[in-house]
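Step one of this worksheet: look at the structure below.
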Amino acid sequence: MSPTLNSSSPLAPSSLGYRHRHLLGIEGLSAQEIGVLLDLSDGYVALSRSQSKKTALMRGLTVINLFFETSTRTRTSFELAGKRLGADVINMSVSWSSIKKGETLIDTAMTLNAMHPDVLVVRHPDSGAVKLLSEKVNCAVINAGDGSHEHPTQALLDALTIRRRRGSLAGLVVAICGDILHSRVARSNIHLLTTMGATVRVVAPPTLLPAAIELLGAEPFFDMRKALEGCDIVMMLRLQTERMHGSYVPSTREYFRFYGLDRDKLAAAKPDALIMHPGPMNRGIEIDSEVADDIDRSLIRAQVEMGVAVRMACLDMLTRDLRPNDAPRESAPAGGV
Ligand code: ASP
């Protein structure tokens with residue numbers, strides 16, 4: 001794949017197969033659609049590593065990043081992704097305390113819609129809010145995280161990171177550890193990894209493991225060592241205190257003792273098992289610095305790099321119909337996922 005792009009995408013039109021107008025979640029995407037997005041992302045990794053990182057693919061198109069919740073990695077990487085594709089990118093951060101639910105979200109959407117953006121990238125603290133917004137606007141919408149529901153680009157970047165290291169996702173055993181209850185990262189990853197043929201285990205204290213999680217295809221554990229036994233990937237999650245009302249763990253010290261990843265617990269996994277974390281990390285609570293910074297085992301930095309490439313791929317894919325020189329993708333059902 002050529003890393004030097006001017007106004008064309010690194011993926012041949014014939015290999016396109018993403019049929020949706022939006023990217024609202026991983027649930028409902030086929031293995032083929034996920035594969036197409038990952039292949040396209042691979043091309044953008046090459047471009048981002050080359051000297052001239054920019055293309056003119058999205059010249060004239062506008063991306064608005066609308067964040068109702070804080071973000072470091074996701075917002076920055078969407079901004080960088082849009083700019084590397086030549087789009088005009090506008091960032092809007094809306095403080096949660098200054099908005100009211102429901103009507104204000106729709107009002108905001110309608111206001112932005114009147115400015116004719118081509119892509120809206122939206123993060124919102126309420127599950128389902130991004131889908132609601134997508135039904136009110138004329139442009140493509142990307143979910144950058146909605147409550148504890150989904151964070152599709154995080155799961156895609158995780159998958160890309162794993163695939164580039166291990167060659168394939170099929171057959172791997174992945175343990176997702178920590179605050180599963182409040183984690184949109186866990187949900188999107190469970191959907192993606194099971195669709196791609198991996199086995200997913202989830203491990204948390206009983207208070208942080210949602211009932212019926214096995215209905216999503218993940219195997220639940222309360223014991224961290226048992227969950228890690230023989231696994232290929234250990235994915236750690238932060239305690240999402242901003243979504244907690246009340247106390248879910250006795251103390252962070254006790255939490256670390258039973259569920260924090262350290263060398264001792266990691267020893268239960270395969271000797272070459274790799275460590276991941278979506279960030280932000282709370283060292284000493286869910287992960288020990290010794291394993292987080294282990295350059296042979298930790299993929300945490302690589303995940304950040306893959307984030308830009310995946311977001312470029314998503315922006316590219318969702319704007320193909322708007323770019324006359326690119327072959328159009330198969331027509332999307334209006335209001336589809
Ligand atoms: N950055 C991820 C998210 O937005 C994970 C986290 O915040 O802990 O869901």
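Bear in mind that the values in this text are calculations on the coordinates, not laboratory data. As the structure is a prediction and not an experimental result, all values here were calculated from the model. Every residue, glycine as well, gets a Cβ built from its backbone with ideal geometry; the counts of neighbours run over all protein chains shown.
Over all Cα atoms in the chain, the spread is summed up by Rg and Dmax: 19.5, 58 Å. Under a Gaussian network description of the chain, with springs only between Cα atoms under 10 Å, the residue in Ser148, Ser77, Ser30 that fluctuates furthest is Ser30.
Need one word for the stretch 99-174: rounded, prolate or oblate. Basis is the Cα gyration tensor (sqrt eigenvalues a ≥ b ≥ c); a/c below 1.5 gives rounded, then a/b vs b/c decides. Cα axes put the stretch 99-174 in the prolate bin.
By the Stokes-Einstein formula, at 1.002 mPa s and 20 °C, the stretch 196-256 with its Kirkwood radius over alpha-carbon pairs has D equal to 164 µm²/s.
Measuring how big the stretch 150-211 is from its alpha-carbon positions, Rg and Dmax come out at 11.5, 35 Å. For the stretch 58-148, the Kirkwood estimate of the hydrodynamic radius, built from every pair of different alpha carbons, is 13.0 Å. The shape of the stretch 189-228 comes out oblate: with a ≥ b ≥ c from the C-alpha gyration tensor, a/c is at least 1.5 while a/b does not beat b/c. Evaluated at q = 0.19 Å⁻¹, a Debye calculation over the C-alpha positions of the stretch 135-293 (equal weights, vacuum) places log10 I(q)/I(0) at -1.22. Counting Lys and Arg as +1 and Asp and Glu as -1 over every other residue whose Cβ lies under 14 Å from the Cβ of Glu290, the net charge comes to -3.
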